[in-house]
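As structure tokens, the structure follows; a few thoughts come after it.
Please treat every number below as a calculation from the coordinates, not as lab data. The structure displayed is predicted, hence computed values, not measured ones. Positions of Cβ are backbone-derived with ideal geometry, glycine not excepted, and every protein chain shown enters the neighbour counts.
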Amino acid sequence: MRLSHPVHGSLLPPGVCYTCDVCGKLLSTKLTLKRHKEQQHFQPLNKAVCALCHKVFRTLNSLNNHKSIYHRRQK
């Protein structure tokens, strides 16, 4: 049996058992729930800032992705 998300109706695989207490999103693991809440609902105390172009990101992961794409040859 597949579950449908209450807000946007997307199908989720069987075994989904973690619900975000802020927005109700269903997630398959405790780790994805933790990551979802950190990235979507909690503002970081120190935003991630690119030292090369000074662009600001919400997460360190987003900053690292940015650097690997736009500053690959720069250090």
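What FRET efficiency, computed as 1/(1 + (r/R0)^6) with R0 = 35 Å and r the Cβ-Cβ distance, is obtained for C53 and C20, rounded to the nearest 0.05? For R0 = 35 Å, the calculated efficiency reads 0.60. Electrostatic bookkeeping for S62 treats Lys and Arg as +1 and Asp and Glu as -1; over the other residues with beta carbon under 14 Å from its beta carbon, the sum is +4.
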